Every structure is written in C-alpha cells, then in structure tokens.
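Please treat every number below as a calculation from the coordinates, not as lab data. All of these numbers come straight from a predicted model, not from anything done at the bench. Heads up, the Cβs are rebuilt from the backbone with ideal geometry, glycines too, and the neighbour counts pull from every protein chain shown.
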Amino acid sequence: MPEKILVLAEHRSGKVKGISWEAIGFGQQLASQLSREMIVVLAGHKVEPLAEEIAQRCGQPVLVASHEHCADYTPEAYCVVLSQIMEQQSPFLLLMGHTYQAIDFAPKLATMLGRGFIPNCVDYNWDGSQLTFIRQVFNGKLNVQVGFKGAAPYLVSLQQGAFNGYEVQAQSNPKQVRLDVSLSEQVLKRKILEVIQAAQGRVDLSQADIIVAGGRGLANKEKFQIILDLAQALGAGVGASRPVTDGGWLPKEHQIGSSGQTVAPKLYIACGISGAIQHLVGMSNAGCIVAINKDPNAPIFSIADYGIVGDVFKIVPVLTELAKEIRR
Ligand SMILES: Cc1cc2nc3c(=O)[nH]c(=O)nc-3n(C[C@H](O)[C@H](O)[C@H](O)COP(=O)(O)OP(=O)(O)OC[C@H]3O[C@@H](n4cnc5c(N)ncnc54)[C@H](O)[C@@H]3O)c2cc1C
C-alpha cells in the first residue's frame, strides 16, 4: 500500500508561499492521523537553499527536483517533473495549495497519470478506512463530500485559508534528497520572457493579517474614504464587496468573494456589507470577523464573531481615531 503523502511547496522569488505552509501543516496532521510518511516536494532551479529552509522549519524530508528548465514555472515542465516524482515515489496522495499554478497544471498532471484530482477542498474526513474531501459548489451554497475512485496516487488542492488552522510542527527528520529528473527542451511549449510584478505598494490581501472591507452601505466612492482611513490606521489591507468594484470605487483586485479573492486574515472588519453567499465564501475563514451594519438581520451577522448594529459613518471614524490613539 502506498505510504507517502507528498506536499508540493510552491515558491516565488525565493520564498515559499503561505498557502504551501498551510498544505505542509495539514499534510503533517494527515500523515500522523493515517500513519503515513510526509515528504515535501520542491521543483525549480537552484532551490537548494529554499529546500534547506523548509527542511529546518518543518523537520521533514524535502525532495528537490532541480532543473534549469524549471527555473521559471511552466505547466509543461511541472507536469513532466511531477509525473516522474510520482512514479519514483508511488505516493498515496499529492497535496498542494489551490493556486493559479495548481489550477494550471494539476488537471493536466492528473490526466497524464490517469488519476483523480479533487480541487479547491475546504475540509476532509477520515473515518478510519476512507479518506474524503469536502469542496464547495454553486458559489459556496452547497458542500459536497468527494472520495476517490481507482488506485492511488490521488491529487488534492486546498483552498487558501481553509487549512490555516494546521500549524507547521517541527519534526526531527530534516533532510534534502536530490532527485534526478530528465526534462528535454522539446517538452517546453513556451518561454517566460519577463515576469511583471503587480503594482507595488499595495497590500497583498492573501497575506494581510487584517482586512477592512467596505460594501454598498458606504454609498459612494467619496464616502468610501472612511474605509481607507481605518485600514491605514490599522495597517490593514482594503477589501470590498462586488458592488464597490463594479461601481469603480476601488480596483477589481480588492474584491473579496467567489469572483474575487479568497482571504483568511486574522481579523476581517466588514463594513456596510450584507453578507451575500458570494462574499462569504471569500472571507469566512478569517480568524475573527467583526461586522458593522445598520440592519440587525443582515446575514453577515450569522458568521460574525462580533457584530455592531449601527451606522458605518458614525462607527468607522470612531474606530479610526481609537486605532490612531493606540498606535501613538
Ligand atoms: C456570479 C456572481 C458572483 C458574485 N461574486 C461576488 C464576489 O466575488 N464578491 C461579492 O462581494 N459579491 C459578489 N457577488 C454579488 C453578491 O451576490 C452581492 O450582490 C454583493 O456581495 C452585495 O454587496 P454588498 O453587501 O456590499 O451590498 P448589499 O447587499 O446592497 O448590502 C449593503 C449593506 O449595507 C448596509 N448598510 C447600508 N447603509 C449602511 C450604513 N450607513 N451603515 C451600516 N450599514 C449600512 C445594508 O443594511 C446592507 O446590509 C456575485 C454575484 C454573482 C451572481
């Protein structure tokens, strides 16, 4: 029976992505529950220092597939390299974060291997004999429990923030294992010419500890300024519901929800947001949710840890002043 659980560590600019640490933490928990061995997989070029960092932090073996054709991510190279690793290691499961990269290559990899892929999972269930995963469908209105058919290995991607409760535990077996992978240039169907960074100076909402988000209750672009002021006073990222970005009050990248970003900050302050399901699926994994809304029956209160029933134009400026005072 295949014993290993592999966890793919995605990285950019020499750093492991936060979602991959979530996957590693969850992989450790699952491996211990199922009495399996967990191994981290790292693909790239000259990534040995990063492998060392991962091995030291989690104390797990790290398989390093280093190849010059993997210096920049391409789905073709990743699929070839990962399929070779899967064949060499014969794992039970390959876990990864549900990132743009995973969406890009994982279906192709699953097809190459002839194996099942359950994407964007938010939870799991182990009944002692069968492992299943939970994923959301119909814009988060329904949860479905999905199991695998056929033989392992299985592929699973994890929704950002859904597994952030599983902290990486330091184990006692840090080591790097270099893998030989063969990758000819003919495999590559594209060449990365330049990586263009998104505009600098903005908070990356997926990494923000605090997010202050505003909705249609803010009335218009000018009045939305009170949200920006509170965010600045708290050193927070700025989020928004869809009417705000549709209306051009803020750029689209600030939108949280099913057609925007999924976030999991420690604190999410929702101001003048009703709590439609399309918004909730993007932020319900926040550690602590504070909702401010003048309607006591607004659905946002059903998932809020703290609720303030009242007018955002009276409450938010007071919070901003308090935050400034505390910071002084
Ligand atoms: C396919 C699809 C995808 C979608 N994707 C997304 C998505 O990614 N993200 C998203 O957010 N939405 C999305 N939506 C839209 C979603 O259905 C809701 O329409 C939207 O989230 C509502 O935004 P809102 O809460 O800001 O506005 P509203 O629902 O209009 O709520 C405004 C709230 O503000 C309160 N309010 C008004 N004035 C004040 C005041 N002065 N003080 C305090 N409270 C006040 C009101 O009581 C109300 O609860 C999507 C919809 C579809 C169909």
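Among the candidates Ala323, Ala286, Ala304, single out the residue that is touching a helix residue (DSSP H, G or I) at 6+ places or on another chain (Cβ under 9 Å) and within 18 Å of Asp209 (Cα to Cα).
Ala323
The criterion of being surrounded by fewer than 22 Cβ atoms within 10 Å (Cβ to Cβ) and either more than 24 Å from Pro174 (Cα to Cα) or not hydrophobic (A, V, I, L, M, F, W, C) (or both) does not hold for Gly27. Count of the stretch 1-40 residues, restricted to those that are in contact with a Lys or Arg (Cβ under 9 Å, 6 or more places away or on another chain), in a helix (DSSP H, G or I) and free of Cβ contacts under 8 Å to residues at least 40 places away in the same chain, is 1. Among the residues of the stretch 231-257, those that are closer than 18 Å to Ile19 by Cβ and either of a type in the set (A, V, I, L, M, F, W, C) or surrounded by fewer than 21 Cβ atoms within 10 Å (Cβ to Cβ) (or both) comprise Glu253, Ile256. Answer yes or no: is there a residue in the stretch 307-322 that is surrounded by fewer than 21 Cβ atoms within 10 Å (Cβ to Cβ), more than 10 Å from the ligand (Cβ to nearest atom), outside any loop (DSSP other than H, G, I, E, B) and within 19 Å of the chain's Cα centre (by Cα). No, the conditions are met nowhere in the stretch 307-322.
Pairs are defined by a Cβ separation below 7 Å, a sequence spacing of at least 6 or placement on different chains, a first member in the stretch 301-321 that is β-branched (Val, Ile, Thr), and a second member that is loosely packed, with under 13 Cβ neighbours inside 10 Å; the pairs so defined are Val309/Pro296.
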